[in-house]
Amino acid sequence: MNKRIGVFICHCGLNIAGTVDVDALREAVGKIRNVVYVKNYIFLCSQPGQEMVSDAVKEHKLDGFIVANCSPTLHEKTFRTIAIKLGMNPYLVEVANIREQSSWPHSKQPDYATKKALKIIKGTIKKLERNIELYTQRVGLTKRALVIGGGIAGIQAALDIADGGYEVLLLDRKQSIGGHMAQISETFPTLDCPQCIMTPKMTEVAQHPNIKLYTYSEVEEISGFIGNFTVKLRQKARYVDWDKCTGCGECIAKCPSKPLSEFNRNLCKGTAIYRDFEQAVPSYPVINKEACLYFQKGVCRVCEKVCPAAAINYEDKDIIKEEKIGAIIIATGYDLMPIQALGEYGAGKYKDVVDGMQFERLLASTGPYAGNVKRPSDQKVPESVVFIQCAGSRDPETHYPYCSKICCMYTAKQALLYKHNVHHGKAYIFYIDIRSNGKGYEEFVQRVQEEEGVVYIRGKVSKVFKRGDKLVVWGADTLTGQTVEIETDLVVLASAMIPSTGSLNLASKTRLATDKFGWFSEAHPKLRPVESVTGGYFLAGTAQAPRDIPETVAQASGAASKVLALFSNEYIESDPVIAQVDPEICNRCGYCESVCAYGAVKLNPKTRIAEVNEVLCEGCGACAATCPSGAISHRNNSRKQIFDMISVATENYDQITTKFDK
Amino acid sequence: MTGIKILKTEKGINQGLEDLFRELLQDKILDGIIIPKSTPENKFIYQVLHKDPEKLSGTFTFSPVMPSNSATLLKNMTKLVPSDERIGIVLKPCEMRAVVELVKLKQINLENIYLFTVDCAGTVDIDIYSKAETDRDMLNKKILDSFNSSDTLPEVRTACGICSHSYPADTTDIGIGLFGSNTNEVYISFHTEKGKEIVSNMKNLTDSEKSVREKAIQSISEKKDKIREEYLNKFKSEVSGIEKLTSYFSKCINCHNCKSQCPICFCRECFFESETFDYESEQLLTWADRSGMLKMPTDLLLFHLGRMNHMVSSCIGCGMCSQACPVGIDVGSLFLLTGRNAQTIFNYEAGRSFEEELPISTFREEELTELGE
């Protein structure tokens, strides 16, 4: 217990002093038991302010002190660092937040704000009286990263970490890395094709000495904590020995089974033995067991016969590999919502109602029609195309309330590419608003509207139905107030982006937080956008929210720099303000284990007494609040301390007379 | 996995069952059995762990008194290490419900434990039973006779008078029933694999139809459900609001007997007996400043509300708290009422099933959106 307590009251310019009667406050605080020194100052966080605190601690031989200022998220560290320099345990410094919790919310009630500020300070003094010295714990770390998802986000993050000199495992559940970007025809607003800008990066990944590729693999299990994860990866049975395979493609050319091509979004047929696309990295194929004639009917084995390298192995099995990892980047990306849910647009009913990614494949030179736009039902060149934006996005009543962010731009790009492909064709875009806030984006949309002659109609489509071999689009033009009917050959739905399938499963395996739609949550929306809530996990790209390629790449590099910063340490220091078990009181019920979101509290398998993993514990306090007998407490937030603080909060307000009382 | 048989006995129900248990011990089907038994001077009844079949005498399978909740016995026996030997235990339905909760709270390990649950016509307060002197035998008989009469005996404890789950549920291994039976007949039912194994080793049982018994049970529980709801609704009006609640506890002497006797209060050290509640004079004086005076000892109501907050979602309504109260506060009715309301919110019923997860350790996204009153 600290007997000599100092209190420093910050005016924060007029942020605090403009509301709170700081002189009356100083006088009242001086009368509180164990307070031996009180001082006011205009800006405590300034250099002279910090020096003043430092001098007072020495001169008055303080055992601990309180700064009454702003939120501890801002300056708790500043003043704890002063303590460290003075040789005082930093956990004997506490912040009383009288700005966010008093002067700001009660700016119109200065008298009340002053009285409340006194309670906040007094409660914090009560807490500090029972604070104990705490020490951080040091643990080593494995300087090796796992990147989950091999789209452009994962590729960029992996390359940056690998270039920084550390080993990276890049995981993708597909046969090849590349993700959705590999499926796109050209990218807005510069119209580079991914083959030109992305395949060099994919090759770099394949050749980088620090990158180990795990494609056609999934996360089986993750245990451990920041710096010290153990990850089990399931490498799915490929039925092709990649050590022997040369990637010649002879097997693919001869495979007689023709299932729909997933890479081409089911617009055309592929083969049972396949690689995702021609430039796939790695270039070695896998066998789709569900489509393979040998696996389904016991006959065929053509691939085995034609393979010059004898690489086909029908006996192949899933392999579980265990890897030690220090940091994990989640780059699991997005999917488009299934358009079958948009029945009013004829989706799922008419072949010529497609989603944005299907249209990308129709446009792509590597697509089903080699870049000549044809409609799926009868391969006719569409004389006109209607694009419908916000198909499922910005629709809180039936689908998703959020904006999918990229659709305005890719729809403009798709309309442009269509016009370039079918010169006499007509393109119509139904939109709610045009959101083109990115570098060169607005200019691009202007170009599409003015130079390419794409017709923009502001309004929503109510119905799409068939008339003869045409599709009829009924909509409203909200600028003219007219109803619109357009007969067209093809309808493209800019359907909402949703988290990639399997990301919820990954969230439960990693215990990472997501929002209600399943996007991974960042630690702070503004100031910590690439860190997840749990230590050691970082976020890149559309796993977190809809975003475009430049933002994805920037965020991926941001996440990689966080990993590099982590790896520049020789050890990890864990915050000691965490849960702690009194084994004498613990009665083995396991409530704590069931409420811990981080897997940090476990019953010892032998004694069944609860134990806290000090590095894994994030100090949230859920276990301490749940433990019925009080066997778990939160360090320096003991029940006694909390009761003391509550007790102060319920005291009368008449212990201070402010200048506003008169 | 259920079945029912009948034991016919000419020696009286308790004696007939005692012979049955003795055979289980003699045949080494069980290594021991815990069963209510009279003290040598026939003054009281408590649970006794029998290993020697020859010592099995004077037992009361349908004991009319319940000195403590036997789930606590099982907790003490098996919390740290499971039993090496096969032990049977005779439980009342409320004790069985407490067993279910304590298993979920990881306080009881059922390995090698065989649970026998009896029909219960209610038990009388320990005071009434111990003071009954010459009438004690009559009281025992009265309770036995009341099984198939249409009314609950007026002498039984409040908790029993309003109990509508007074028969073995499917959580138990073996059921021993009188509801719906003929004179000198006892139903023996099994509800689990373990129970089936034991019953198949019992001699002299005859096959039975379920329907008569099921009808009797249904009729009793329907009737008791109604009594319970009427009682609780009336009771609620007597304790609602902080003033009525304070007055309800006004004679509480802060002895914490209710906590000690509660089978669900499983903590080794009660939080309300921890250092958190030791106050320095400065604290007490500050509180006294607030309204000029302070009732002492403090935290009396906080103890009851805190305990309620901790255990009420698992309250099985045995009423041991009321029986233990030296000043006669009916703590049990209050906890039963609050427990009923809290458990309804979470669609949970304490003691109903081993699988239902404890509300406090389960997170449901939609929970508490419609918390009423």
Please enumerate the residues belonging to segment B:271-309 that are touching a helix residue (DSSP H, G or I) at 6+ places or on another chain (Cβ under 6 Å) and more than 21 Å from B:LEU245 (Cα to Cα).
-> B:THR276
For residues in segment B:272-310 being within 30 Å of B:ARG340 (Cβ to Cβ) and among the small types (Gly, Ala, Ser), which is farthest from the other protein chains (Cβ to nearest Cβ)?
-> B:GLY306
For segment A:204-228, what are the residues that are modelled with pLDDT under 95 and of a type in the set (Val, Ile, Thr)?
-> A:ILE222, A:ILE226
Of all the residues that make up segment A:606-657, how many are closer than 27 Å to A:ARG26 by Cβ, modelled with pLDDT under 90 and acidic (Asp, Glu)?
-> 2
Segment B:59-114: number of residues that are surrounded by fewer than 23 Cβ atoms within 10 Å (Cβ to Cβ), of a type in the set (D, E, K, R) and more than 14 Å from chain A (Cβ to nearest Cβ) = 4
Of A:GLY502, A:GLY518, the only residue that is surrounded by fewer than 19 Cβ atoms within 10 Å (Cβ to Cβ) and within 14 Å of chain B (Cβ to nearest Cβ) is A:GLY518
What residue, of A:ASP21, A:ASP63, is in contact with a Lys or Arg (Cβ under 8 Å, 6 or more places away or on another chain), in contact (Cβ under 8 Å) with a residue 60 or more places away in the chain and over 26 Å from A:LYS659 (Cβ atoms)?
-> A:ASP63
A:ASP469: passes all of (1) at pLDDT below 95; (2) closer than 28 Å to A:ASP335 by Cα but (2)
Filtered residues of segment B:1-39 (kept if surrounded by fewer than 13 Cβ atoms within 10 Å (Cβ to Cβ) and closer than 16 Å to B:ASN140 by Cα) | B:LYS11, B:GLY12, B:THR39
Could you run through segment A:601-624 and say how many residues are without any contact (Cβ under 8 Å) to a residue 24 or more places away in the chain and in contact with a helix residue (DSSP H, G or I) (Cβ under 9 Å, 6 or more places away or on another chain)?
-> 2
Any chance you could count how many residues in segment B:118-144 are modelled with pLDDT of 85 or more, exposed (fewer than 15 other Cβ atoms within 10 Å of the Cβ) and within 23 Å of B:SER181 (Cα to Cα)?
-> 0
When only residues in segment A:572-591 that are away from chain B (no Cβ under 14 Å) and of a type in the set (Gly, Ala, Ser) count, which is surrounded by the most Cβ atoms within 10 Å (Cβ to Cβ)?
-> A:ALA579
Return only the number of the condition from (1) surrounded by 14 or more Cβ atoms within 10 Å (Cβ to Cβ); (2) within 11 Å of chain A (Cβ to nearest Cβ); (3) at pLDDT below 95 that B:GLN343 does not satisfy.
-> (2)
Could you tell me which residue of segment A:569-600 is farthest from B:LEU358 (Cα to Cα), considering only residues that are among the charged types (D, E, K, R) and touching a residue at least 60 places away in the same chain (Cβ under 8 Å)?
-> A:GLU570
Quick one: would you say B:SER247 is over 26 Å from B:GLY161 (Cα atoms) and either touching a Lys or Arg at 6+ places or on another chain (Cβ under 8 Å) or loosely packed, with under 14 Cβ neighbours inside 10 Å (or both)?
-> no
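For every residue, the table says whether it meets (1) touching a Leu at 6+ places or on another chain (Cβ under 9 Å); (2) surrounded by 20 or more Cβ atoms within 10 Å (Cβ to Cβ); (3) farther than 20 Å from A:ASN131 by Cα.
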| residue | (1), (2), (3) |
| --- | --- |
| A:ARG608 | yes, no, yes |
| A:GLU611 | yes, no, yes |
| A:SER629 | no, yes, yes |
| A:ILE632 | no, yes, no |
| A:PHE643 | no, no, no |
| A:ALA649 | no, no, no |
| A:ASN652 | no, no, yes |
Members of segment A:362-396 found to be in contact with a His (Cβ under 9 Å, 6 or more places away or on another chain) and of a type in the set (Ser, Thr, Tyr), listed by number | A:SER393
Counting only residues that are at the interface with chain B (Cβ under 9 Å from one of its Cβ atoms) and either among the aliphatic types (A, V, I, L, M) or closer than 27 Å to A:LEU141 by Cβ (or both), how many does segment A:593-637 have?
-> 4
Taking strands (runs of 3 or more DSSP E) that do not extend beyond segment B:7-107, which have at least 1 residues that are more than 30 Å from B:TYR348 (Cβ to Cβ)?
-> B:32-38, B:45-50
Unique match (being hydroxyl-bearing (Ser, Thr, Tyr) and either modelled with pLDDT under 95 or buried (at least 24 other Cβ atoms within 10 Å of the Cβ) (or both)) among A:THR142, A:THR136 | A:THR136
Look at segment A:75-91 and say how many of its residues are in a helix (DSSP H, G or I) and either at positive phi or in contact with a Lys or Arg (Cβ under 9 Å, 6 or more places away or on another chain) (or both).
-> 3
Take the residues in segment B:165-201 that are buried (at least 20 other Cβ atoms within 10 Å of the Cβ) and among the small types (Gly, Ala, Ser), then tell me which one is farthest from B:SER150 (Cα to Cα).
-> B:GLY195
With respect to A:THR246, is the statement that it is over 24 Å from A:ALA597 (Cβ atoms), surrounded by fewer than 16 Cβ atoms within 10 Å (Cβ to Cβ) and not assigned by TED's automatic domain parsing to the domain that holds A:GLU614 true?
-> yes
Looking at A:ALA68, A:ALA83, which one is closer than 22 Å to A:ASP575 by Cβ, touching a helix residue (DSSP H, G or I) at 6+ places or on another chain (Cβ under 6 Å) and among the aliphatic types (A, V, I, L, M)?
-> A:ALA83
Might you check whether a residue that is within 42 Å of the chain's Cα centre (by Cα), surrounded by 15 or more Cβ atoms within 10 Å (Cβ to Cβ) and either within 14 Å of chain B (Cβ to nearest Cβ) or under 15 Å from A:ALA117 (Cα atoms) (or both) occurs anywhere in segment A:74-92?
-> no
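The values are calculated or read from the model by the stated rules, or taken from the named source; none is laboratory data. What you see is a predicted model; the values in this text were computed from it and never measured. Here the Cβ is made from the backbone with ideal geometry for all residues, glycine too, and neighbour counts use every protein chain on show.
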